[in-house]
1. Tell me, what is the per residue accessible area of the chain in Å², probe radius 1.4 Å?
2. With the full set of protein chains in place, find how many percent of the accessible area of the chain is carbon and sulfur; take the probe as 1.4 Å.
3. Taking amide H positions as placed in the peptide plane 1.01 Å from N, state which residues far from Trp53 in sequence (5 or more) or on other chains have amide H under 5 Å from it.
4. With the alpha-carbon atoms as the only input, what is the per residue convex hull volume for the chain in Å³?
5. Could you calculate the FRET efficiency of Glu54 with Arg7 from 1/(1 + (r/R0)^6), where r is the beta carbon distance between them and R0 is 25 Å, rounded to 0.05?
6. From the residues Pro46, Ser21, Thr10, which one has its Cα farthest along the dipole of the chain in the positive direction, the dipole being from +1 and -1 charges on Cβ of Lys/Arg and Asp/Glu about the Cα centre?
7. Structure shown: which of Lys16/Lys49; Lys23/Lys61; Lys22/Lys61; Lys15/Lys51; Lys16/Lys60 lie over 29 Å apart, alpha-carbon to alpha-carbon?
Amino acid sequence: MVVRVERRFTHPVMKKTVRSSKKYYAHDEKNEFSVGDVVKIEERRPLSKLKRWEVIQGEKKRTVV
């Protein structure tokens, strides 16, 4: 699974709030999470060419019924 981590910070010169994101390739052993879910990842040993992270816990995206 690919996890996007987004952070917000104030630009040092322009003094505006800037959003920056980074992608991490994480191992989801049970394949239980999908797009929009919030997960916590932790660094692990290399599992494949790109995967260096593992999903520790997560929260399913809430759906309106």
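1. Counting only protein heavy atoms, the per-residue value for the chain is 94 Å².
2. 49
3. Excluding prolines and chain starts, which carry no amide H, the hits are His27, Arg44.
4. Output value, Cα hull per residue: 116 Å³.
5. Working from the Cβ atoms, E equals 0.75.
6. Final value for the positive-end residue is Thr10.
7. Long pairs (Cα-Cα over 29 Å): Lys16/Lys49; Lys15/Lys51; Lys16/Lys60.
The values are calculated or read from the model by the stated rules, or taken from the named source; none is laboratory data. Just so we're clear, the structure is a prediction, and the values are computed from it rather than from any experiment. Positions of Cβ are backbone-derived with ideal geometry, glycine not excepted, and every protein chain shown enters the neighbour counts. Heavy atoms of the whole protein, side chains included, go into the accessibility calculation; ligands, DNA and RNA do not. Shrake-Rupley method; radii C 1.70, N 1.55, O 1.52, S 1.80 Å.
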